[in-house]
């Protein structure tokens, strides 16, 4: 069973077992309670382990996900302090595969 299938308790339990990974952050808007819970999970992870975040949004766009500006700033601050930011500057690999498949089917 993958950690995300076990919900928040599984995520918190996994915080002590290696790196934490959040994929597609910024894809969905979180209500205040959801954002607060994510902040707690990220805090647990980053205090004990490495954290990796994948997002197609820049930090400026995270205000659409975390609608409370103060909470958004706290999450960005927590993640970026002492961290390494890797910007690939590339499109989503899913988007690239979809475009390539469409081109092959039209050829």
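The values are calculated or read from the model by the stated rules, or taken from the named source; none is laboratory data. Keep in mind that this is a model prediction, so the values were computed, not measured. Methodologically, a virtual Cβ is constructed for each residue, glycine included, from the backbone with ideal geometry; neighbour enumeration extends over all protein chains shown.
Brief remarks follow.
Let's see how each residue does on (1) closer than 17 Å to residue 20 by Cβ; (2) in contact with a strand residue (DSSP E or B) (Cβ under 6 Å, 6 or more places away or on another chain); (3) surrounded by fewer than 16 Cβ atoms within 10 Å (Cβ to Cβ); (4) at pLDDT 85 or above:
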{"residue": "47", "(1), (2), (3), (4)": "yes, no, yes, no"}
{"residue": "50", "(1), (2), (3), (4)": "yes, no, yes, no"}
{"residue": "57", "(1), (2), (3), (4)": "no, no, yes, no"}
{"residue": "60", "(1), (2), (3), (4)": "no, no, yes, yes"}
{"residue": "70", "(1), (2), (3), (4)": "no, no, yes, yes"}
{"residue": "80", "(1), (2), (3), (4)": "yes, no, yes, yes"}
{"residue": "88", "(1), (2), (3), (4)": "no, no, yes, no"}
{"residue": "91", "(1), (2), (3), (4)": "no, no, yes, no"}
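- Which listed residue, of 89, 61, is free of Cβ contacts under 8 Å to residues at least 24 places away in the same chain and out of contact with any helix residue (DSSP H, G or I) (no Cβ under 8 Å at 6 or more places or on another chain): 89
- Qualifying residue in the stretch 12-30 (condition: modelled with pLDDT of 85 or more and surrounded by 14 or more Cβ atoms within 10 Å (Cβ to Cβ)): yes
- Taking the criterion of being under 23 Å from residue 40 (Cβ atoms) and under 14 Å from the mean Cα position of the chain (by Cα), the residues of the stretch 78-96 that qualify are 78, 79, 80, 85.
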